[in-house]
Amino acid sequence: MTMDNHKTIGYACAYTPLALIHATGFRPYRILPNLDCPDQAGRLLHDNLCPHVKRILDRAMSKQLPDLAGMVFMNSCDAMRRLADAWRVVCPDMATICVDLPTTTSEKDIPVFESELKKLAGTLGDWYGRPLQPENLMESLRLYNELANAFERMRSRVQQGVMRNGAVLLQEAYLQAACTEPQAMLSRLKMLLTEKDQEQKSDMIPMYLFGNVLPDLEAFALFEASGARIVAEDLCTGSRAFAEVKMDFKKPGEMLAAYAKGLLQRQPCARTLCEAQPGKMAEDIVAAARRHQARGVIGYTVKFCDPYIARMPGIRAALKQEGIPFLLLEGDCTVRTMGQQKTRIEAFTEMLR
């Protein structure tokens, strides 16, 4: 399948169906909040709104965007809905679509999300002038799952401590993958995976990291400089965005339903609920910390993120019950606020020695 590199679609959420965008002839490009732009979003959005959303809008208002053929928004939370509304004001000539995302992962939600993916496929086909073909979607799914498997191998090396500055290198690869053709990114990862082992410093404390938006390489370098070795993480700008999508279908006509189910059943963020297990997110964090032999857990959330604010008491209680030390950090998607947390990170790491 050939690809016109000028046909680029922007996105801003880890739930975005990248394989579907790719299969309709576009290159997915994640708009991240990690560029230095003037603070202008307050003209359209409330001050006490997610800084992730506001900094993405700042990029649009500052014209710091690639040449986009359109923008795909996921209706994942109220802040993202507000971003979609404001985007149409700031970029009135850009094609946009807002895809509804179920708040739970039950079987009844799969047909609902499947219909949203069909709507998205039709819209992208109209933008590009080419309808979605099953063979193209199958090839794109294969590529993105191959990419996810390569990332899993890289994560394994980071966990084992055989990749010096591993957390920084891994995050750098995630940032590249968010805006690079999957074929090209696969080649880069294969090169990284062939490099010789370089063990981390032995006195670093293994930590598990979770949260929402933390794309900055400087933040991961700060963790390492403070003596924390991030052995695993669950971030929407990290592993969650490039996890394998399990596909189980028998006929081509079932592919979109399988894709919808696979996306919903990946590791969720705080906005997605499990009806059968209300405390599943806290349980997953405890299990991940144990599985990766972390001696402490660091949570990082952006300010005013209501889903994470609501989940944090349960997470804190579950970690306390298991005797796992916990440090919660909050920021505004700038390295400046992370730098202000340096003393706390160092003290937390020193406490675990």
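Every read-out reported here was derived from the displayed coordinates using simple, explicitly stated rules and does not represent laboratory data. It should be emphasised that the depicted structure is a prediction, and the values quoted were computed from it without experimental measurement. Heads up, the Cβs are rebuilt from the backbone with ideal geometry, glycines too, and the neighbour counts pull from every protein chain shown.
Give me the percent of DSSP beta bridges within region 8-133 that run antiparallel, rounded to the nearest 5.
0 percent
Mind sorting R81, R229, R336 by how few other Cβ atoms lie within 10 Å of their own Cβ, fewest first?
The most exposed by this proxy come first: R336, R81, R229.
By average Cβ neighbour count within 10 Å, what is the ranking of 49-58, 317-326 from highest down?
Top of the packing list down: 49-58, 317-326.
Per residue Cα convex hull volume for region 39-172, in cubic angstrom?
Per residue, the Cα convex hull of region 39-172 comes to 174 Å³.
With N denoting the number of residues in the chain, provide Rg(C-alpha) divided by 2.2 N^0.38 Å, to two decimal places.
Here the answer is 0.97, to two decimals.
Over 32 Å between Cα atoms: which of K54/K280; K54/K118; K7/K246; K280/K303; K54/K196 fall into that group?
K54/K196
Starting from the amide H of G296, placed 1.01 Å from N in the peptide plane, find each other amide H under 5 Å away whose residue is 5 or more places distant or on another chain.
Residues meeting the criterion, in which the H sits 1.01 Å from N, are Y208.
Could you name the aspartates and glutamates whose alpha carbon sits less than 13 Å from that of K108, not counting residues in the same chain fewer than 8 places away?
E275
Distance between Cα centroids, region 272-299 to region 148-179: provide it in whole Å.
Centre-to-centre distance over Cα atoms comes out at 21 Å.
Taking the Cα centre of the chain as the origin, how large is its charge dipole in debye, to the nearest 20, when only Lys and Arg (+1) and Asp and Glu (-1) carry charge on their Cβ atoms?
So the dipole magnitude of the chain works out to roughly 300 debye.
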